[in-house]
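Just below is one structure, and these are the notes that go with it.
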Amino acid sequence: MPYETIIVEHRGPVALITLNRPKALNALSDQLVTDLGNAVDAAEADDNVGAIVITGSEKAFAAGADIKEMAGFSYMDVYKANFITAKWERVAKCRKPVIAAVAGYALGGGCELAMMCDFILAGDNAKFGQPEITIGTIPGAGGTQRLTRFVGKSKAMEMCLTGRNMDAAEAERAGLVSRIVPVAELVDEAVKVAERIAKLSRPIVMMAKESVNKAYETTLTEGVTFERRLFHSTFATEDQKEGMAAFAEKRQPDWKNR
Ligand code: CO8
(Lines give C-alpha, C1' and ligand atoms only; values in the text may rest on other atoms or scores of the structure.)
Protein backbone atom coordinates (compact mmCIF):
# COMPACT_ATOMS: atom_id res chain seq x y z
CA MET A 1 0.00 0.00 0.00
CA PRO A 2 1.48 3.42 -0.88
CA TYR A 3 1.65 5.86 2.03
CA GLU A 4 1.94 9.65 1.99
CA THR A 5 4.03 10.18 5.10
CA ILE A 6 5.89 6.95 5.82
CA ILE A 7 8.00 4.44 3.89
CA VAL A 8 7.57 0.74 4.52
CA GLU A 9 10.24 -1.78 3.50
CA HIS A 10 10.52 -5.46 4.22
CA ARG A 11 13.95 -6.67 5.23
CA GLY A 12 13.59 -10.43 5.59
CA PRO A 13 11.03 -11.03 8.35
CA VAL A 14 11.22 -7.40 9.53
CA ALA A 15 8.88 -4.58 8.51
CA LEU A 16 10.88 -1.34 8.64
CA ILE A 17 8.62 1.72 8.93
CA THR A 18 10.36 5.06 8.32
CA LEU A 19 8.53 8.24 9.27
CA ASN A 20 8.96 10.53 6.29
CA ARG A 21 7.99 14.19 6.68
CA PRO A 22 11.53 15.57 6.61
CA LYS A 23 10.50 19.21 6.13
CA ALA A 24 8.50 19.12 9.38
CA LEU A 25 11.01 16.95 11.31
CA ASN A 26 8.47 14.11 11.11
CA ALA A 27 5.87 16.04 13.06
CA LEU A 28 3.02 13.63 13.73
CA SER A 29 0.20 14.93 11.57
CA ASP A 30 -3.15 13.19 11.49
CA GLN A 31 -2.14 11.72 8.12
CA LEU A 32 1.10 10.34 9.52
CA VAL A 33 -0.60 8.75 12.50
CA THR A 34 -3.22 7.25 10.14
CA ASP A 35 -0.53 5.91 7.78
CA LEU A 36 1.42 4.48 10.71
CA GLY A 37 -1.67 2.74 12.09
CA ASN A 38 -2.45 1.25 8.68
CA ALA A 39 1.15 0.04 8.28
CA VAL A 40 1.03 -1.61 11.70
CA ASP A 41 -2.29 -3.27 10.74
CA ALA A 42 -0.67 -4.60 7.56
CA ALA A 43 2.46 -5.84 9.34
CA GLU A 44 0.43 -7.53 12.03
CA ALA A 45 -1.71 -9.34 9.43
CA ASP A 46 1.32 -10.45 7.36
CA ASP A 47 2.64 -13.90 8.35
CA ASN A 48 5.97 -13.05 6.73
CA VAL A 49 6.53 -10.30 9.30
CA GLY A 50 7.85 -11.34 12.69
CA ALA A 51 8.89 -7.94 14.07
CA ILE A 52 8.57 -4.24 13.28
CA VAL A 53 11.08 -1.39 13.48
CA ILE A 54 9.88 2.22 13.56
CA THR A 55 12.45 4.89 12.77
CA GLY A 56 12.73 8.45 11.50
CA SER A 57 15.64 10.39 10.02
CA GLU A 58 19.08 11.05 11.48
CA LYS A 59 17.89 14.53 12.50
CA ALA A 60 14.51 13.60 13.95
CA PHE A 61 12.64 10.51 14.98
CA ALA A 62 9.66 12.86 15.40
CA ALA A 63 9.51 16.42 16.77
CA GLY A 64 6.06 15.88 18.27
CA ALA A 65 2.46 16.34 17.28
CA ASP A 66 2.03 18.73 14.36
CA ILE A 67 1.79 22.06 16.20
CA LYS A 68 0.65 23.98 13.12
CA GLU A 69 -2.14 21.46 12.50
CA MET A 70 -3.48 21.52 16.06
CA ALA A 71 -2.91 25.20 16.93
CA GLY A 72 -6.45 26.29 16.02
CA PHE A 73 -8.38 23.34 17.41
CA SER A 74 -11.12 24.01 19.92
CA TYR A 75 -11.89 21.92 22.98
CA MET A 76 -14.88 20.42 21.16
CA ASP A 77 -12.70 19.54 18.13
CA VAL A 78 -10.20 17.58 20.20
CA TYR A 79 -12.73 16.11 22.61
CA LYS A 80 -15.08 14.81 19.94
CA ALA A 81 -12.27 13.42 17.80
CA ASN A 82 -10.54 11.99 20.90
CA PHE A 83 -7.72 13.91 19.25
CA ILE A 84 -5.61 11.48 17.46
CA THR A 85 -4.32 9.78 20.59
CA ALA A 86 -6.90 7.02 20.08
CA LYS A 87 -5.25 6.15 16.75
CA TRP A 88 -1.83 6.05 18.40
CA GLU A 89 -2.84 3.23 20.62
CA ARG A 90 -2.48 1.03 17.53
CA VAL A 91 1.29 0.90 18.06
CA ALA A 92 0.96 0.17 21.78
CA LYS A 93 -1.58 -2.57 21.07
CA CYS A 94 0.44 -4.36 18.41
CA ARG A 95 1.00 -7.98 19.47
CA LYS A 96 4.14 -8.39 17.38
CA PRO A 97 7.37 -6.92 18.76
CA VAL A 98 7.97 -3.27 17.83
CA ILE A 99 11.39 -1.62 18.23
CA ALA A 100 11.88 2.15 18.09
CA ALA A 101 15.17 3.16 16.47
CA VAL A 102 15.51 6.77 17.61
CA ALA A 103 18.02 9.23 16.15
CA GLY A 104 17.84 12.96 16.68
CA TYR A 105 14.77 14.58 18.23
CA ALA A 106 12.09 12.46 19.90
CA LEU A 107 10.04 15.25 21.43
CA GLY A 108 6.49 15.44 22.74
CA GLY A 109 4.41 12.96 20.76
CA GLY A 110 7.68 11.66 19.25
CA CYS A 111 8.94 10.63 22.68
CA GLU A 112 5.50 9.20 23.46
CA LEU A 113 5.49 7.19 20.24
CA ALA A 114 8.94 5.77 21.03
CA MET A 115 7.73 4.79 24.51
CA MET A 116 4.73 2.94 23.01
CA CYS A 117 7.19 0.60 21.28
CA ASP A 118 8.53 -2.43 23.14
CA PHE A 119 12.00 -0.99 23.54
CA ILE A 120 14.08 1.88 22.27
CA LEU A 121 17.48 1.70 20.62
CA ALA A 122 18.96 5.19 20.61
CA GLY A 123 21.39 6.72 18.15
CA ASP A 124 24.20 8.54 19.95
CA ASN A 125 22.65 11.88 18.85
CA ALA A 126 19.18 11.11 20.23
CA LYS A 127 17.35 13.72 22.31
CA PHE A 128 14.23 12.90 24.29
CA GLY A 129 11.87 15.42 25.78
CA GLN A 130 8.31 16.43 26.65
CA PRO A 131 8.38 20.14 25.76
CA GLU A 132 4.58 20.58 25.63
CA ILE A 133 4.67 22.83 28.71
CA THR A 134 6.65 25.40 26.68
CA ILE A 135 3.81 25.70 24.13
CA GLY A 136 0.97 25.91 26.62
CA THR A 137 -0.18 22.32 26.82
CA ILE A 138 0.79 19.01 28.44
CA PRO A 139 1.68 15.58 27.03
CA GLY A 140 -1.43 13.93 25.58
CA ALA A 141 -0.35 10.51 24.39
CA GLY A 142 0.93 8.96 27.59
CA GLY A 143 4.01 11.11 28.26
CA THR A 144 3.26 11.87 31.91
CA GLN A 145 2.42 8.21 32.52
CA ARG A 146 4.90 6.15 30.51
CA LEU A 147 7.89 8.45 31.10
CA THR A 148 7.24 8.29 34.84
CA ARG A 149 7.21 4.50 34.71
CA PHE A 150 10.46 4.46 32.71
CA VAL A 151 12.56 7.01 34.57
CA GLY A 152 10.79 7.59 37.90
CA LYS A 153 8.90 10.58 39.28
CA SER A 154 11.73 13.03 39.87
CA LYS A 155 13.20 12.99 36.37
CA ALA A 156 9.80 12.69 34.64
CA MET A 157 8.46 15.59 36.67
CA GLU A 158 11.50 17.75 35.88
CA MET A 159 11.19 17.00 32.17
CA CYS A 160 7.43 17.60 32.00
CA LEU A 161 7.59 20.79 34.08
CA THR A 162 10.62 22.38 32.39
CA GLY A 163 10.52 20.84 28.92
CA ARG A 164 14.26 20.15 28.99
CA ASN A 165 15.65 17.37 26.77
CA MET A 166 17.60 14.30 27.81
CA ASP A 167 20.50 13.22 25.63
CA ALA A 168 21.12 9.59 24.72
CA ALA A 169 23.59 8.96 27.55
CA GLU A 170 21.20 10.29 30.19
CA ALA A 171 18.32 8.35 28.64
CA GLU A 172 20.34 5.14 28.85
CA ARG A 173 21.36 5.79 32.46
CA ALA A 174 17.72 6.51 33.35
CA GLY A 175 16.45 3.29 31.75
CA LEU A 176 14.48 4.95 28.96
CA VAL A 177 16.50 3.26 26.21
CA SER A 178 17.89 -0.25 26.11
CA ARG A 179 21.21 0.85 24.61
CA ILE A 180 23.00 3.42 22.45
CA VAL A 181 24.29 2.72 18.94
CA PRO A 182 26.40 5.01 16.69
CA VAL A 183 23.81 6.86 14.64
CA ALA A 184 25.17 5.63 11.28
CA GLU A 185 24.60 2.02 12.38
CA LEU A 186 21.30 2.54 14.16
CA VAL A 187 18.78 1.27 11.60
CA ASP A 188 20.87 -1.75 10.56
CA GLU A 189 21.39 -2.68 14.20
CA ALA A 190 17.67 -2.31 14.99
CA VAL A 191 16.78 -4.48 11.99
CA LYS A 192 19.37 -7.06 13.12
CA VAL A 193 17.86 -7.19 16.60
CA ALA A 194 14.32 -7.37 15.14
CA GLU A 195 15.40 -10.18 12.80
CA ARG A 196 16.85 -12.13 15.70
CA ILE A 197 13.50 -11.87 17.51
CA ALA A 198 11.51 -12.62 14.34
CA LYS A 199 13.40 -15.88 13.87
CA LEU A 200 12.34 -17.19 17.28
CA SER A 201 9.03 -18.94 17.90
CA ARG A 202 6.40 -16.29 17.11
CA PRO A 203 3.78 -17.37 19.67
CA ILE A 204 6.37 -17.71 22.43
CA VAL A 205 7.70 -14.22 21.64
CA MET A 206 4.14 -12.88 21.86
CA MET A 207 3.68 -14.50 25.24
CA ALA A 208 6.96 -13.02 26.55
CA LYS A 209 5.88 -9.56 25.34
CA GLU A 210 2.44 -9.90 26.88
CA SER A 211 3.94 -10.96 30.19
CA VAL A 212 6.49 -8.11 30.40
CA ASN A 213 3.73 -5.62 29.53
CA LYS A 214 1.59 -7.02 32.33
CA ALA A 215 4.20 -5.73 34.79
CA TYR A 216 3.01 -2.19 34.01
CA GLU A 217 -0.64 -2.95 34.52
CA THR A 218 -0.96 -4.93 37.73
CA THR A 219 0.46 -5.88 41.13
CA LEU A 220 3.53 -8.09 41.58
CA THR A 221 1.48 -11.02 42.88
CA GLU A 222 -1.03 -10.80 40.01
CA GLY A 223 1.78 -10.35 37.49
CA VAL A 224 3.72 -13.35 38.71
CA THR A 225 0.55 -15.47 38.61
CA PHE A 226 -0.14 -14.25 35.05
CA GLU A 227 3.44 -15.08 34.06
CA ARG A 228 3.16 -18.57 35.55
CA ARG A 229 -0.04 -19.28 33.61
CA LEU A 230 1.62 -18.23 30.36
CA PHE A 231 4.75 -20.20 31.25
CA HIS A 232 2.58 -23.26 31.82
CA SER A 233 0.84 -22.71 28.50
CA THR A 234 4.16 -22.77 26.61
CA PHE A 235 4.18 -26.49 27.46
CA ALA A 236 1.11 -26.89 25.24
CA THR A 237 3.07 -25.67 22.19
CA GLU A 238 5.04 -27.70 19.66
CA ASP A 239 7.76 -25.07 19.82
CA GLN A 240 8.50 -25.77 23.50
CA LYS A 241 9.01 -29.45 22.64
CA GLU A 242 11.17 -28.53 19.66
CA GLY A 243 13.22 -25.91 21.54
CA MET A 244 14.09 -28.18 24.42
CA ALA A 245 14.71 -31.23 22.17
CA ALA A 246 17.04 -29.13 20.00
CA PHE A 247 18.97 -28.05 23.08
CA ALA A 248 19.42 -31.66 24.25
CA GLU A 249 20.39 -32.79 20.73
CA LYS A 250 22.85 -29.88 20.31
CA ARG A 251 21.18 -28.53 17.14
CA GLN A 252 19.32 -25.42 16.06
CA PRO A 253 15.55 -25.54 16.68
CA ASP A 254 13.21 -25.64 13.71
CA TRP A 255 10.34 -23.45 14.94
CA LYS A 256 6.84 -24.33 13.74
CA ASN A 257 5.18 -21.24 15.21
CA ARG A 258 2.57 -23.33 16.95
N1 CO8 B 1 4.99 20.52 14.47
C2 CO8 B 1 4.97 21.15 13.27
N3 CO8 B 1 6.09 21.53 12.63
C4 CO8 B 1 7.28 21.30 13.23
C5 CO8 B 1 7.37 20.66 14.49
C6 CO8 B 1 6.15 20.26 15.11
N7 CO8 B 1 6.10 19.60 16.28
N8 CO8 B 1 8.67 20.58 14.82
C9 CO8 B 1 9.37 21.15 13.82
N10 CO8 B 1 8.53 21.59 12.87
C11 CO8 B 1 8.89 22.28 11.61
C12 CO8 B 1 9.31 23.71 11.85
O13 CO8 B 1 8.19 24.55 11.97
C14 CO8 B 1 10.15 23.99 10.63
O15 CO8 B 1 9.27 24.22 9.56
P16 CO8 B 1 9.54 25.51 8.56
O17 CO8 B 1 10.88 25.19 7.92
O18 CO8 B 1 8.39 25.46 7.63
O19 CO8 B 1 9.62 26.71 9.45
C20 CO8 B 1 10.82 22.64 10.36
O21 CO8 B 1 10.03 21.66 11.04
C22 CO8 B 1 12.23 22.58 10.90
O23 CO8 B 1 12.18 22.93 12.27
P24 CO8 B 1 13.14 24.07 12.92
O25 CO8 B 1 13.50 25.09 11.92
O26 CO8 B 1 12.49 24.52 14.18
O27 CO8 B 1 14.43 23.15 13.21
P28 CO8 B 1 15.53 23.38 14.35
O29 CO8 B 1 16.62 22.41 14.04
O30 CO8 B 1 15.88 24.84 14.46
O31 CO8 B 1 14.80 22.98 15.73
C32 CO8 B 1 13.43 21.57 17.15
C33 CO8 B 1 14.41 21.65 15.95
C34 CO8 B 1 14.18 21.96 18.45
C35 CO8 B 1 12.94 20.13 17.24
C36 CO8 B 1 12.26 22.56 16.94
O37 CO8 B 1 11.73 22.34 15.63
C38 CO8 B 1 11.12 22.40 17.91
O39 CO8 B 1 11.22 22.86 19.04
N40 CO8 B 1 10.03 21.74 17.49
C41 CO8 B 1 8.83 21.59 18.32
C42 CO8 B 1 9.03 20.57 19.41
C43 CO8 B 1 7.81 20.47 20.28
O44 CO8 B 1 7.41 21.40 20.95
N45 CO8 B 1 7.18 19.28 20.26
C46 CO8 B 1 5.99 19.02 21.05
C47 CO8 B 1 4.78 19.24 20.24
S48 CO8 B 1 3.29 19.08 21.21
C49 CO8 B 1 3.04 17.41 21.30
O50 CO8 B 1 3.76 16.63 20.77
C51 CO8 B 1 1.84 17.00 22.11
C52 CO8 B 1 1.58 15.55 21.87
C53 CO8 B 1 0.20 15.26 22.34
C54 CO8 B 1 -0.22 13.93 21.77
C55 CO8 B 1 -1.34 14.12 20.84
C56 CO8 B 1 -1.19 13.18 19.70
C57 CO8 B 1 -0.39 13.74 18.60
For this session: Can you work out which of the residues in region 179-202 that are surrounded by 19 or more Cβ atoms within 10 Å (Cβ to Cβ) and not hydrophobic (A, V, I, L, M, F, W, C) is farthest from Thr18 (Cα to Cα)?
Result: Ser201
For this session: Working carefully through the options Leu147, Leu176, find the one that is open to solvent by less than 20 Å² (accessible area, probe 1.4 Å) and either within 16 Å of the ligand (Cβ to nearest atom) or acidic (Asp, Glu) (or both).
Result: Leu147
Exercise. Taking region 96-125, which residues are away from the ligand (no atom under 11 Å from the Cβ), part of a strand (DSSP E or B) and either more than 18 Å from Lys209 (Cβ to Cβ) or not β-branched (Val, Ile, Thr) (or both)?
Worked result: Ala100, Ala101, Val102, Phe119, Leu121, Ala122, Gly123
Exercise. Assuming Val8 fulfils every condition listed in (1) within 12 Å of the ligand (Cβ to nearest atom); (2) over 14 Å from the mean Cα position of the chain (by Cα); (3) within 21 Å of Lys96 (Cβ to Cβ) apart from one, which condition is it?
Worked result: (1)
For this session: Find all pairs meeting these conditions: Cβ atoms under 6 angstrom apart; at least six residues apart or on different chains; first residue within region 152-166 and within 11 Å of Leu107 (Cα to Cα) and touching a residue at least 24 places away in the same chain (Cβ under 8 Å); second residue of a type in the set (Val, Ile, Thr) and loosely packed, with under 13 Cβ neighbours inside 10 Å.
Result: Gly163/Thr134
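Per-residue answers, yes or no, for (1) part of a helix (DSSP H, G or I); (2) not aromatic (Phe, Trp, Tyr):
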| position | (1), (2) |
| --- | --- |
| Met157 | yes, yes |
| Cys160 | yes, yes |
| Val177 | no, yes |
| Ile197 | yes, yes |
| Phe226 | yes, no |
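The values are calculated or read from the model by the stated rules, or taken from the named source; none is laboratory data. Source: prediction; values computed, not measured. FYI the Cβ positions are ideal-geometry reconstructions off the backbone, even for glycines, and counts take in every protein chain you see. Quick note on the areas: whole protein, heavy atoms, side chains included, nothing else; ligands and nucleic acids left out. Shrake-Rupley method; radii C 1.70, N 1.55, O 1.52, S 1.80 Å.
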